Amino acid sequence: MNRLYNALQLKRLYQLKQMGFAYTPLVQPKQATTTTLPDSLDALREMVKQCQLCALSKTRTKAVFGEGNPHTPLMFVGEGPGASEDLSGRPFVGRAGELLTRMIENVLEIPRSEIYIANIVKCRPPNNRVPTPEEAHTCLPYLQKQIALIRPRIIVALGATAYHYLTGDKKGITKVRGRLIEMDGYKLLPTYHPSYLLRNPSAKKEAYHDMLLVKELL
Ligand code: URA
């Protein structure tokens, strides 16, 4: 939450500067309750739609909040929106999204609308580059709040970026995929990102086994 607080403070200072202020009294250090995010997904979505806390907001078409059943026991977390997601405002609707949908509907045998899908960053990184640590950490409180509100039992981390920012662990995805991790309040299963699977179809077998493990846990 510190990053979000700092980004909000910085934004306020820029606003004051634009209004002509050359000096502001010392900003008080963060109090436990100063930065709170809304306690409803709808209000949080509105906040994300208007977010300008990092440079990605300047190049996005639409922020991609996430979608699905807010009462689901299962969440999928990807890296960040691509071109199709940026245009539509919905997560995983491009080619990688079609594959993810097949994994959910054909292997788990549940409609995609029954689970929840979100990303580490809500706005598209230009040219689909990996989000910078600054961008990811600034955006992360939104995802953490989504997780806190949805309270899934299982989260599938799609790829290294999702795994890294959800756990803080920098190990490569090939090292950790398929290994269930006990997190605070949920189980995390890292697996390959669908974009990786499109480029490396031979890895689909492992992703299939990961989905079977999810099915078993459900
Ligand atoms: N890749 C992601 O990580 N997320 C999306 O929403 C789409 C593609």
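Based on this model, can you work out whether PRO38 counts as touching a helix residue (DSSP H, G or I) at 6+ places or on another chain (Cβ under 8 Å), crowded, with 21+ Cβ neighbours inside 10 Å and not in a helix (DSSP H, G or I)? The answer is no for PRO38. Given GLU85, GLU105, which one is among the acidic types (Asp, Glu), touching a Pro at 6+ places or on another chain (Cβ under 8 Å) and crowded, with 22+ Cβ neighbours inside 10 Å? The match here is GLU85. Is one or more of the residues making up segment 88-106 touching a residue at least 60 places away in the same chain (Cβ under 8 Å), in a loop (DSSP other than H, G, I, E, B) and under 16 Å from the mean Cα position of the chain (by Cα)? Yes, segment 88-106 contains at least one residue that is touching a residue at least 60 places away in the same chain (Cβ under 8 Å), in a loop (DSSP other than H, G, I, E, B) and under 16 Å from the mean Cα position of the chain (by Cα). Between a residue in segment 138-161 that is in contact (Cβ under 8 Å) with a residue 12 or more places away in the chain and closer than 20 Å to CYS123 by Cβ and any residue that is surrounded by fewer than 20 Cβ atoms within 10 Å (Cβ to Cβ) and not hydrophobic (A, V, I, L, M, F, W, C), which pairs come within a Cβ distance under 6 Å, given they are 6 or more apart or on different chains? These pairs meet every condition: THR138/ARG3.
Could you check, for segment 193-216, whether at least one of its residues is surrounded by fewer than 18 Cβ atoms within 10 Å (Cβ to Cβ), part of a helix (DSSP H, G or I), among the aromatic types (Phe, Trp, Tyr) and out of contact with any Gly (no Cβ under 7 Å at 6 or more places or on another chain)? The answer is yes, given that some residue of segment 193-216 is surrounded by fewer than 18 Cβ atoms within 10 Å (Cβ to Cβ), part of a helix (DSSP H, G or I), among the aromatic types (Phe, Trp, Tyr) and out of contact with any Gly (no Cβ under 7 Å at 6 or more places or on another chain).
Could you look through segment 107-120, keep only residues that are in a loop (DSSP other than H, G, I, E, B) and either touching an Asp or Glu at 6+ places or on another chain (Cβ under 8 Å) or small (Gly, Ala, Ser) (or both), and pick out the one that is nearest to the ligand (Cβ to nearest atom)? Among those residues, the one meeting the criterion is ILE120.
Within segment 57-79, if we keep just the residues that are in a strand (DSSP E or B) and under 13 Å from ILE110 (Cβ atoms), the residue that is farthest from the ligand (Cβ to nearest atom) turns out to be LEU74.
Between HIS193, HIS209, the distinction of being modelled with pLDDT of 95 or more, within 17 Å of GLY97 (Cα to Cα) and assigned by TED's automatic domain parsing to the domain that holds GLN144 belongs to HIS193 only. Comparison of ASN119, ASN128 shows that the only residue that is surrounded by fewer than 23 Cβ atoms within 10 Å (Cβ to Cβ) and in the same structural domain as LYS205 (by TED's automatic domain parsing) is ASN128. Filtered by the rule that a residue be in a loop (DSSP other than H, G, I, E, B) and either surrounded by fewer than 18 Cβ atoms within 10 Å (Cβ to Cβ) or within 14 Å of the ligand (Cβ to nearest atom) (or both), segment 131-171 gives PRO131, THR132, ARG151, ARG153, GLY168, ASP169, LYS170, LYS171. Of all the listed residues (PHE92, PHE65, PHE76), the sole one being in the same structural domain as ALA43 (by TED's automatic domain parsing), buried (at least 19 other Cβ atoms within 10 Å of the Cβ) and at positive phi is PHE92.
The values are calculated or read from the model by the stated rules, or taken from the named source; none is laboratory data. Fair warning: this is a prediction, and the values are worked out from it, not measured in the lab. Positions of Cβ are generated from backbone atoms using ideal geometry, with glycine treated the same way; all protein chains shown enter the neighbour counts.
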